[in-house]
Amino acid sequence: IQQFTNSNITKICFPLSSEGEIITYALFTELSLQYQKTNGFIGLLVKSSLVTSKANQRLFSHLVNNEKIVLIADYINSKKIFNIDSRERFCFILLDDAHKTFKLTMGCQRINDLIDLSRYIDFSKDDLFLINPDTGMLPNTSDSLQMDFLKTIMRNNPSFSKAYYDVKFGRIVHFTLHSDNIYKENKPNTLPIYE
């Protein structure tokens, strides 16, 4: 797998999801687009970071710019839909063609929240860039009220990057990418890492 993920083949086959850290759910999302039939729908259950993390910006921007998104339902696993960490976030994303706006709900906890139409708000590309002008990604919010609040704030105030244009953000330590340099036992001249 290491040879495959570092190869040029990956970049050719998965140009939208193979930059930086290789994330399998992003690869599967891009692969599904390659197999989509005319008038076909794609429904995927993936980690919410597909739509919220800058690491997936190229793929998510492609979905938005090509008007592929029909619906995004973001879930928090607090009711243990899956037998994984209760803080884990995942989303159901429905893809098709020619949708200038999409339905969005955040912070779902029960399976039936997916079909509760009162939870959804209409969202557009303009809304994404209003709320998150630097990346166009969805913010980690809990519900549509927070999303409306963010829109109001951003309409009336400059973004952080415009107010503080010389600030840089980055990841200092990544527990997977930097694992060769992280020691589990105490050694001289090392510092502890706290998560």
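The values are calculated or read from the model by the stated rules, or taken from the named source; none is laboratory data. None of the values given here were measured: they were computed from a predicted structure. The area values use the complete protein model at the heavy-atom level, side chains included, leaving out ligands, DNA and RNA. Shrake-Rupley method; radii C 1.70, N 1.55, O 1.52, S 1.80 Å.
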Projected area averaged over orientations for region 100-153, convex hull of C-alpha atoms, nm²: 3.9 nm²
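Kirkwood hydrodynamic radius of region 1-94 from all distinct Cα pairs, in Å?
One decimal place: 14.2 Å for the Kirkwood radius.
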Lysine pair count for region 1-127 [Cα-Cα under 27 Å; pairs on different chains or 8 or more apart]: 28
Cα pair distances exceeding 27 angstrom across the chain, given as percent: 39 percent
Zero-based 5 Å bins, Cα pair distances in region 43-101, whole percents: 4, 19, 25, 25, 13, 9, 5, 0
Sum of -39500 (n - 2.57) over DSSP H runs of 4+, divided by residues of the chain (222 nm, nearest 500): -7500 deg cm²/dmol
From the C-alpha gyration tensor of region 61-145, square roots of 5λ in Å: 23, 14, 12
Debye equation applied to the C-alpha atoms of region 85-195, log10 I(q)/I(0) at 0.18 Å⁻¹: -1.04
Accessible area expressed per residue, the chain, with surrounding protein chains retained (probe 1.4 Å, Å²): 67 Å²
